[in-house]
Every structure is written in C-alpha cells, then in structure tokens.
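Reviewing the structure listed below.
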Amino acid sequence: MPTSDQPDEPTRRLRLGRSQERILAARLLGDRGRPADLTALERARNRELDQHVLRAIDLALREARTRGKPSSSHAVERAVVHEGAYSQAFRSVAKMLVHELRDLVGFARLDIAHEVPELAHSQAARAIERIAELLDAIEELGSIGTRSELEKLNLSDLITAACHREEARLSLRVQAHGPKDLQASGSRGLIDLALAKGIENAAESTAAGPHPEVPITVNWGVTDRDAWFAIIDDGSGLTPSIDPFSFGRSDKDGHLGVGLTLASKAMKAMSGDLALESNATGGATLRARWPLKP
C-alpha cells in the first residue's frame, strides 16, 4: 500500500502517464472519490493541456464531489436491499477488493495494448479480461443483500422484456411461453438479474452442445404460494462432478463460472431457490422459485 507521501498507481498515472492513461486514471479517481483523489484531480486539472483529458477530469471531479449522494438509479435499486450485518460486511469487503484491483487491471490492460503487437492473439490480454469479468461479478455479488423487499409487478412483461433483451445481446433465439399479464410479487432487479444470468448460462450450454441452432425456451407461472420461471436448453448438459452454483467453478472452457452463483444469490435474497436439472432428452432446465409473500 502507498504511504502518505507516496502516490498510488492511479494518482501517479494521472500525473505522468500517456493521455489514455490519464483519462483512465481520472475515471478511477472520480469513481473512488476520496478526499485525496479530489485533491489530485484538481491539481491535474490546473496543469492539463489535452482537451480530451480535461473533459475526463471534469467528469471525474463532478463524480467525486457528488460521491455518497443518492443521485443514480443504480443506487436507488440497491437501496431496496436490507442492510443486514452479513450483507453489509460482504459489500464492504467486495468494494475494497474491487477498487484496489480495478486500478491494476485497468492499467495492465493499457500496458498490454501498447506492448503487444497482435492483441487479439494475446493470452495475457485474455487473462486480464477474465480478471475484469471476475471483478464485475464480485461487485454484483456485493450489491445483493440477504433479503429483499417484494413489490407488485407484471411478471409476464418483466420476463418477456428480459428475453428480448438477452436475445439481442447474445445473438440467439429465445422462445418465451407463459400467461399474459400475470401479476406477481418480487424484486424486479433480482428477478431480472437471475433471468439474465440463467439465459446466459443456457446460451453457453447450447453453443457447446450438439444442437446449437435449437432455441432456448423460457416459461413462467404462479401457484397459490410462489412464483416461478424455468429456462430450458438443449445444450451440453450437466457435469456431475461440478456444482453449477459454486463461485468460480465451470465445466465450460474459458468461462469463469460466476453467472449461476449470482442468479442463486438473487433468488435467496427473495427467500427463494434455484435448481438445475438434466432433461431426459438432453440439455438442462434451470428452475427459479420465490414466495409470493415474505
């Protein structure tokens, strides 16, 4: 860790780095928003001549000065999660880890881009991107509490919209079949998160399976006690030796194995559960359930 008279890596790069490095350093300092970061940004603005970097510094200063105010919709979504002792501790540790490691990952990405002539074939570049994905997953885990308030929502519209979005994002076919205008209760953000990660997992399985052209199917409904959705794929199926919900474990080459961990934690935050089972005809079905009442 840097001492009080020794600048940390983002501060050093803001002062001495190339223009692209200074832009990234400004963003990192603005996101972190400590008093020392605000001072470093103000000093950098007074000496900066590059207009692109100046704009980045101005944005970072605005972010740093408003740090802690409930101004973003993302912060409002997170506010619905109860501040239990466990979730608060998890968030604190996750935030500390993410901020410390994002600086190093960001600058490593820049250094590799300058030093490696064929970036597309670089194992180091791929490793850095995997680390960046893992940091995103840690941050998402830290944002999910142990319980969540339920709200009335149109489950049909929520699931259909998520299916269309993921279909476009992942360039695959998703068939949504379920009752229209079905009203239920739940946390909109947590259901959407579990759906997105579940569809993404099904897409990876389908791509690795014998029938990559077969679409993914999503069903949903309610009982007298709970609401549910199911994601069905015709992909590569399950590997018995691997727990699909364990953080960092995956049977798919090149994947981090964090998506279903996030989906499972989202369901648990609504006092629900997530199960993955093999289909008799191949592939797997992911089933999510959560109670209609707390």
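Read the figures in this text as sums done on the coordinates, not as results from a lab. The structure presented is a predicted model; accordingly, all values stated were derived computationally and were not measured. Every residue, glycine as well, gets a Cβ built from its backbone with ideal geometry; the counts of neighbours run over all protein chains shown.
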Note, the range 48-59: 3J(HN,Hα) by Karplus (6.51, -1.76, 1.60, θ = phi - 60°), whole Hz, Gly/Pro = x, goes 6, 10, 6, 5, 5, 5, 4, 5, 5, 5, 4, 5
Subtracting the Cα-Cα distance of L292 and E9 from 0.36 nm times their residue separation yields 97.0 nm
Using r as the Cβ-Cβ distance of S271 and N154, and R0 as 22 Å, what FRET efficiency do you calculate, to the nearest 0.05? 0.55
Rounded to one decimal in Å, the inverse mean reciprocal Cα-Cα distance for the range 151-291, i.e. its Kirkwood radius, is 15.0 Å
When DSSP beta bridges are limited to those with both residues in the range 158-239, what percentage is antiparallel, rounded to the nearest 5? 60 percent
In the range 151-291, with Lys and Arg counted as +1 and Asp and Glu as -1 at Cβ, which of these residues, L260, S278, G235, has the Cα nearest the positive end of the dipole, that is, farthest along it? L260
Could you grab the relative contact order for the range 151-291? Cα pairs under 8 Å, six or more apart, rounded to a whole percent. 24 percent
Run the dipole for the range 151-291 about the Cα centre, Lys and Arg Cβ at +1, Asp and Glu Cβ at -1, nothing else charged, and hand back the magnitude in debye, nearest 20. 340 debye
